Amino acid sequence: MAEPQPVLEMTGIVKEFPGVRALSGVDFRLFPGEIHALLGENGAGKSTLIKVLTGVHSLDGGTITLSGTSVRFDSPSQTQQAGISTVYQEVNLCPNLSVAENIFIGREPTRFGRIQWKRLRREAAELVDRLGLDIDVTAPLSSYPLAVQQLVAIVRSVGTGDADGQGAGTKVLILDEPTSSLDRDEVLELFALMRRLKDQGVAILFVSHFLDQIYEICDRMTVLRNGTLVGEHMVSELDQVGLIQLMIGKALDQLEELHDHQLRSDVGESLLQADGVGRVGGVAPFDLEIKKGEVIGLAGLLGSGRTELARLLFGADQPDSGTVTIGGKQVSMSAPNDAISEGVAFCSENRKTEGLVPDLTVRENIILALQASRGWTRPIPVAQRDELVAKYIKALDIRPANPEARVGQLSGGNQQKVLLARWLITQPKLLILDEPTRGIDIGAKAEIQKLVVSLSEDGMAVLYIAAELEEVLRLSHTIGVLRDRKLVAQLANGPEITPTRILETIASGEHQ
Amino acid sequence: MTTTPRWRALTHHHLFWPVAVLVILLLVNVPFTPDFFSIKMTDGHLYGSLVSIVLFGSPLILVAVGMTLVIATGGIDLSVGAVVAITGALTCSYISDQADQSALSGVFLAMGIGLVAAVVCGLWNGFLVARMGIQPIIATLIIMVAGRGVAQLITDGQIITVNSEPYKLIGGGYWLTLPFSIFVVAAVVAVTVALTRRTALGLLVESVGGNAEASRLVGIRSMRIKIMVYVFCALCAGIAGLMISSNTSAADGNNAGLWIELDAILAVVIGGTSLLGGRFSIGGTVVGALVIQTLTTTIYTIGVPTQTNLVFKAAVVIIVCLMQSPKFRAKVFGGRFGTKPGAKGGTGQPAAAQAEPAAATEPAPKMEVS
Amino acid sequence: MSTTTTTKRPPAAESRTPSKAAQLLGDRRLPVLVTAGLFLAMYVVGLSRYQNYGFGEAQVFMNLFIDNGYLLVAAVGVTFVILSGGIDLSVGSVIGFTTMFTAWLVERQGLPILVVIPMALAVGAFGGFLMGYVIHNFEIQPFIVTLAGLFLFRGLCLVISKESISIGDSSVSSMAGAQVSLGAGFLSIGAIVALVVLAVAFYVLHYTRFGRRVYAVGGNEQSAMLMGLPQGGTKIAVYTISGFCSALAGLLFTLYIQSGDPLHATGMELDAIAAVVIGGTLLTGGSGYVIGTLFGVLVLGLIKSLIQFEGTLSSWWTKIATGVLLCAFILIQRAMTARRKT
């Protein structure tokens, strides 16, 4: 079979931001009538590539060819007119309007400036019908679940190609993580729509963190890492272990070298026991035991449910099944307060939005958790407060070592240390660290890892989440492996636990 | 430039600009009223422009101080004017029903009743905002609309006049040569500062207003804190209501405290507290309220028709808000001022996303999907 | 309206299917119906109680429009703003300013009323445009910008004159006195204008792309922008419309009361906002009908005339009743949005 001409070809794409080279010479091809997965971990450059393609970001180098002609997009609306449509994970529609209006808003059929409602509804119904969907277009969008809203978003973007809503105009459809909050049946419905569009010759670029879905629906995949292309393969030609290797990036033997066990003293008695804890749309019910002084590392790809699991154990999201027992006492987990009072601490991966109060000083941010647990009537005495803050600024080497500095002005690594200090001051029994080393420099990274080791030696349990496998392997007594929102295995760390073994577990999704 | 570090430190102090504006406004008066700063002693009372500015500004300072805490949590309270009217109406109507209007016990009881009503209003606002999750502007609109009706109901649509010496003291009397209301204001401000800075209340309020989600994840019970600040704000408004009705010895359900909520919000903003919540400054608010009162006085003394007062106020609102708007600063001053690091939002506004390289490598922030 | 979906619904999604009651609560037309029902109920109560005092006369009903025409016009303007997710506090001041401006030009400057009308409308619209411009371009909260507008226009009233100016111009009084007979009763010019404004607003909101953009921006501004809609222009236009409507309401108020006074219409923005909310428009934007605003105004007007007929009740009960209704409708809205979020 002769390979057809690609509908979209991006060559040597370069995109730079001040201080960051987000994409360095990436090539990408998309063929008509195929579903093409774009894969990569955090910071690999997936989002940037899509934004460059859709005209959100300008191009710093390289060429884009659409249907054989060289193009350059300056705005998302230009891209749409050229036949490239994008549907994001968060549905960008207006929930207060009807389905039909959402499909047509901005290009409603009018006569003498008057909207022709009947025609609008009829055309919307026809379009929905032609795509094999069964949706009442007169109902408000908000009356439908998210999954259907997503389908409507696709219908809108497919219909955007030309004013008549024939759908013939859309050549490329970009689906950016459309499945992350859908359940299995909803995903199937989405896939059915994708296949229909594929049969009509639309090229679909599909971004998803679910490996099973990639292998189920995609024909071809492109893997990015650190802003470079690391491979383009037919899905049928690359198995899951190979794919994960490409994504995580170190060749296996290289990983083995980094992997030196520094297992510490034996862990203590049981601290936290989770039985069947889960949340719909979060992570499937899981059992987990955490012992005193134990470091549990969570391994899994981006979007595999690592963060969701941690949030459930902290009560940041409320579990809708299962029980959590801490220190022999069942905890209700209806709010973070419940977990905090039992000695659980949680450093979110989103430092800015879920961690720091940027306007407050380093000192105020550090004492916030301790003060919250004391209540407003019992302020920490000034002398004790200053001593504590000075102690932790010194111990964690927070710079500038000025407790009066605004925390918003600190570097990422120092902000992370402020968050750590905030929780260490409360002397928690279990410290949950979600990607504590993300986006910080290498020195700070090593310091934080050392800190985790010494904390566990002092008897503190740590739940450690990191994108890098070797980081997890080096620090953890036990490694929880997640895949597609499920805790699929818990491996006791030891000589026989190798990166290969973990990769295989992630890839196969089975208990060993 | 020859800016010494000390000068820089001074100009960067959060009170610098409010105080500078106040001083300039005060100085403007001197050419028109050469004895503007002089204070005379007559009948054992101190008189002078400065004394009257503080005296007439007292109710506004009180209301604005309460408003500061509400705004710091990211809220707003539009009902304070109505609370002023209700408190004054209740207290005066109780006193006027007494056989002996000057009996201390009756006056105290009357004030107690008035303040309890204020607290009830505050609880209601706090309940709607913190418990029901209704936007503060909307929630407090209810009492703003209905409150004046209630006040008129209490006074039966009349202006109730009272003739009570002890009650007159609060808003119109003198003590130790100074207007008594200055002592009331000083006491309330001192209590507020102590309450917010001697306890951890101030920190928790700033945290809730600065980053609500982070505050939740750190275990702050923001519901209680919010209810508390609305109650406190209403209580301050209640005291202001006592002061206003005492000053005129009358309760006017219709006009007492009219527009005071707007002046109070303005005072808070001039004082440097952002309407978005977070960091607050009680001192700044007091200065801000004094600026507004001085503006009124100045317009009067320099001979500009007093009716232009409102036009000036409008100009001040616009200028202060434009100066606080990062977008305006970026457009007008270019990059010189820059935007505040870690400014609010981050909800993936495209303008911000383009300027921020981090947004390119991190997944788009989740937006609320209803 | 049933919102049943025949989409093959997976079992897991079953819990998302709203119950009958919840579905009713989720219907956007519910608040309008509630308000219309409330109006009817109040009217029936009025009929039964004051039948002998002439409450049943058609003219009493017509007077609701005559006495509240200006409020209806102002509230229609506010409906646009609130639908787009904003708020306008300057309404009362613009009305007051327009009365002063008109009275001053007609009485003191001797300009004919027909010249003054377009000038007043232009000033109001321009004021609204400026506020919209600042709100959109500098991202300052509408609340605070229109608060400045409130101060500014009220201040300008006082700059024109501290005293009330009564209008003795004959063309104005003949316009004010004109009656349009409708069989059983008559309407004033002001009432007719108000109904025309209502009809135009209904058409614009439901049958033009601009109207739908107002809803879209109020529903989700971010989405509206990503869908390629000119959300900035829409916002500015909405405040311009509100300024225009306020000025028009000011003109009607001038006709109604035949004088300009710097204190006219103080606090009327609250009445207008209350009418819009009672009419079922969500204060968070994106949901509501301008017809609801009509019923909101009628309910407020009916409260006033019921209190007049009662005779023993005093005028402040109007405010209390308004506040109570406002509270009830805000809580209904809250219940509705809470449902939609899940």
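Each reported figure results from applying straightforward, stated rules to the coordinates on display, with no laboratory input. Worth saying up front: this structure is predicted, and the values here are computed from it rather than measured. A quick note on method: Cβ atoms are made from the backbone with ideal geometry, for glycine too, and the neighbour counts reach across all protein chains shown.
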Can you sort C:Thr318, B:Thr161, A:Thr69, C:Thr281 by how many other beta carbons sit within 10 Å, fewest first?
A:Thr69, B:Thr161, C:Thr318, C:Thr281
Flagged as over-length at 26 Å C-alpha distance, from A:Lys118/A:Lys198; A:Lys15/C:Lys235; A:Lys46/A:Lys171; A:Lys171/A:Lys486; A:Lys352/C:Lys235; A:Lys352/A:Lys391, the pairs are A:Lys118/A:Lys198; A:Lys15/C:Lys235; A:Lys171/A:Lys486; A:Lys352/C:Lys235
Potential extension, C:Ala41-C:His206 segment - 0.36 nm per residue separation minus Cα distance:
56.6 nm
Rg(Cα) / (2.2 N^0.38 Å) computed for the stretch A:184-235, rounded to two decimals
1.25
Please turn the phi angles of the stretch C:221-230 into ³J(HN,Hα) values with the Karplus equation 6.51 cos²θ - 1.76 cosθ + 1.60 (θ = phi - 60°), one per residue in order, whole Hz, x for glycine and proline.
4, 4, 4, 4, 5, 5, 7, x, 8, x
What fraction of the DSSP beta bridges in the stretch A:126-251 is antiparallel, stated in percent and rounded to the nearest 5?
55 percent
Fewest to most Cβ atoms within 10 Å: C:Val238, B:Val107 sort as B:Val107, C:Val238
Quick one: P(r) of the stretch A:8-250 from all Cα-Cα pairs, 10 Å bins, percents rounded to integers, in order of increasing distance.
7, 31, 35, 20, 6, 1, 0
Using the Karplus curve 6.51 cos²θ - 1.76 cosθ + 1.60 with θ = phi - 60°, what ³J(HN,Hα) values do you get for each residue of the stretch B:171-183, in whole Hz, with x for Gly and Pro?
x, x, x, 10, 8, 6, 6, 10, x, 4, 4, 4, 5
I'd like the antiparallel share, as a percent to the nearest 5, of DSSP beta bridges with both residues in the protein assembly as shown.
65 percent
Calculate how large, on average over all directions, the projected area of the Cα convex hull of chain C is; give the answer in nm² to one decimal.
19.8 nm²
So what is Rg over Rh here for the stretch A:1-138, counting just Cα atoms and using Kirkwood for Rh?
1.05
What number results when the radius of gyration of the protein assembly as shown, computed over Cα atoms, is divided by 2.2 N^0.38 Å?
1.01
Counting other chain Cβ atoms within 10 Å of each Cβ in A:83-94 and taking the mean gives 5
Spatial separation of Cα centroids for the stretch A:114-135 and the stretch B:243-291, in angstrom:
55 Å
Could you tell me which residue out of A:Ala22, A:Gly276, A:Pro379 lies farthest along the dipole of chain A toward its positive end? Charges go on the beta carbon: Lys and Arg +1, Asp and Glu -1, centred on the Cα centre.
A:Pro379
What is the count of Lys pairs in chain B whose alpha carbons sit under 16 Å apart, if the two are 8 or more places apart or on different chains?
4
FRET efficiency, B:Trp259 to A:Asp183 (Cβ-Cβ, R0 51 Å, nearest 0.05):
0.40
For chain A, percent of DSSP beta bridges that are antiparallel (nearest 5) comes out at 60 percent
Degrees, to the nearest 10: C:316-341 long Cα axis against longest axis of chain C
30 degrees
Just the ratio, please: alpha-carbon radius of gyration of the stretch A:352-427 over 2.2 N^0.38 Å, N its number of residues.
0.99
Quick one: helix C:189-207 against the long Cα principal axis of chain C, what's the angle to the nearest 10°, folded into 0 to 90?
30 degrees
When all C-alpha to C-alpha distances in chain B are sorted into bins of 10 Å, what percent of pairs does each bin hold, rounded to whole numbers?
5, 21, 30, 25, 12, 5, 1, 0
Helix B:80-97 vs. chain B, principal-axis angle (Cα, 0 to 90°, nearest 10):
20 degrees
Using +1 at the Cβ of each Lys and Arg and -1 at the Cβ of each Asp and Glu in chain B, identify which of B:Tyr230, B:Gly209, B:Met41 lies farthest towards the dipole's positive end.
B:Gly209
Label A:Arg195 and A:Phe31 with points 7 Å out from Cα along Cα→Cβ: what is the distance between them in nm?
1.9 nm
Summing -39500 (n - 2.57) over every DSSP H run of at least 4 residues in chain C and dividing by its residue count gives a helix-only mean residue ellipticity at 222 nm, to the nearest 500 deg cm²/dmol, of -23500 deg cm²/dmol
Quick one: order B:Arg6, B:Arg198, A:Arg225, B:Arg279 by neighbouring beta-carbon count within 10 Å, fewest to most.
B:Arg6, B:Arg198, A:Arg225, B:Arg279
On the first, second and third principal axes, largest extent first, how far apart are the outermost C-alpha atoms of the stretch C:65-208 in Å?
48, 40, 22
Out of C:Leu282, C:Ser223, C:Gly267, whose Cα points farthest toward the positive end of the dipole of the stretch C:203-342 (charges: +1 Lys, Arg; -1 Asp, Glu; placed on Cβ)?
C:Ser223
Descending principal axes extents, chain A, alpha-carbon based, whole Å:
75, 54, 44
Measuring from its Cα centre, the stretch A:363-506 shows a charge dipole (+1 at each Lys and Arg Cβ, -1 at each Asp and Glu Cβ) which, in debye to the nearest 20, is 480 debye
Per the helix-only model, chain A has a calculated mean residue ellipticity at 222 nm (DSSP H runs of ≥4, -39500 (n - 2.57) each, divided over all residues, rounded to the nearest 500) of -10000 deg cm²/dmol
Give the separation of the Cα centroids, the stretch A:46-76 to the stretch A:274-315, in Å.
39 Å
